[in-house]
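Written below as structure tokens is the structure these notes are about.
The values are calculated or read from the model by the stated rules, or taken from the named source; none is laboratory data. Predicted model only: the values in this text are computed from it and were never measured. Heads up, the Cβs are rebuilt from the backbone with ideal geometry, glycines too, and the neighbour counts pull from every protein chain shown. Surface accessibility is based on the protein's heavy atoms, side chains included, excluding ligands, DNA and RNA. Shrake-Rupley method; radii C 1.70, N 1.55, O 1.52, S 1.80 Å.
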Amino acid sequence: MNLAQLLVFMLAAVCLALAAAQMSALRPRGLMVLAVAIGVGVLATGEVAGRISLAEVASWVSDPQRRLDLSALLLLEALVFGGQALAVAQDGARLRWRIVGACPPPSLLAILFFGQVAAMLATDGVDYGLVSWVCAVAFAGLFVLSARLLRWLLPDPLMRSGLRVVLHITQAAIGLWLARPAQALPAEPAPALWGRLGILAAAAFVFMALGWLWQRRSTWNR
């Protein structure tokens, strides 16, 4: 397994853990609604997933533009949902932050879709409609169990928020790695690469700091 494949698996694990930690704050009824939504979403995308070949997946992963799109999604998700985690950790989450916390992160939907694609590619010759139903039930059930297990292991909301912040930092770091140039410039490649990554990292941390200060200002004005 090379570095790129290792980071892809790490990214999937981080995003799944983030989604489970975020959704563990929902009540059992909310988790059931989320499970139904996951199942319906997997079934709705089953036909599209069945038409994707392994060559198309490899082409999508190796496309620099798609990697930039994924990097932007990860950084935006880290900023928005990381800010929501900080607001929850400070026990000052207002209605807008509660609404954000009740929405599943976009990376979860992407992982479920590509997980269904991987299942269909691994079960060649089996009816894709049946595979889609199995994936819908399995993904929804496993996700709800993961959220409940995480809530049981970390009953304190502050602990779960801290875990989410750490994972969002890891998510942003992987997003910055994906944003690296496909080929380094011939002249001084290392400074050019690290300079761009440094600018993106600085921008991400500045926005997170501004969100934290805005949340603290709202708390002080109460």
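Is it the case, given these coordinates, that residue 75 is among the aliphatic types (A, V, I, L, M) and farther than 24 Å from residue 135 by Cβ? Yes; evaluated as a whole, the condition is true for this residue. With respect to (1) touching a residue at least 60 places away in the same chain (Cβ under 8 Å); (2) closer than 17 Å to residue 146 by Cβ; (3) in a helix (DSSP H, G or I); (4) open to solvent by less than 70 Å² (accessible area, probe 1.4 Å), the lone exception for residue 36 is condition (4).
For the range 49-62, name all the residues that are over 21 Å from the mean Cα position of the chain (by Cα) and of a type in the set (Val, Ile, Thr). Answer for the range 49-62, where residues must be over 21 Å from the mean Cα position of the chain (by Cα) and of a type in the set (Val, Ile, Thr): just 52. Within the range 44-85, the set of residues being within 22 Å of residue 31 (Cα to Cα) and either loosely packed, with under 15 Cβ neighbours inside 10 Å or modelled with pLDDT under 85 (or both) comprises just one member, 44. Filter the range 81-98 for residues that are of a type in the set (A, V, I, L, M, F, W, C) and in a helix (DSSP H, G or I); which is nearest to residue 49 (Cα to Cα)? This residue is 81. Taking the conditions (1) closer than 16 Å to residue 161 by Cα; (2) outside any helix (DSSP H, G or I) in turn, residue 77 satisfies each one other than (2).
Here is a yes/no grid of residues against (1) β-branched (Val, Ile, Thr); (2) in contact with a Gly (Cβ under 8 Å, 6 or more places away or on another chain); (3) more than 23 Å from residue 34 (Cα to Cα):
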| residue | (1), (2), (3) |
| --- | --- |
| 78 | no, yes, no |
| 109 | no, yes, no |
| 116 | no, yes, no |
| 129 | no, yes, no |
| 134 | yes, no, no |
| 149 | no, no, no |
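Being exposed (fewer than 15 other Cβ atoms within 10 Å of the Cβ), assigned to a helix (DSSP H, G or I) and modelled with pLDDT of 85 or more holds for only one residue in 141, 162, 175, 101, and it is 141.
The set of residues in the range 104-126 being open to solvent by 60 Å² or more (accessible area, probe 1.4 Å), outside any helix (DSSP H, G or I) and touching a helix residue (DSSP H, G or I) at 6+ places or on another chain (Cβ under 9 Å) consists of 126 alone. When the range 144-159 is filtered for residues that are assigned to a helix (DSSP H, G or I) and surrounded by fewer than 17 Cβ atoms within 10 Å (Cβ to Cβ), the ones remaining, listed by number, are 145, 148, 149, 152, 153, 157, 158, 159.
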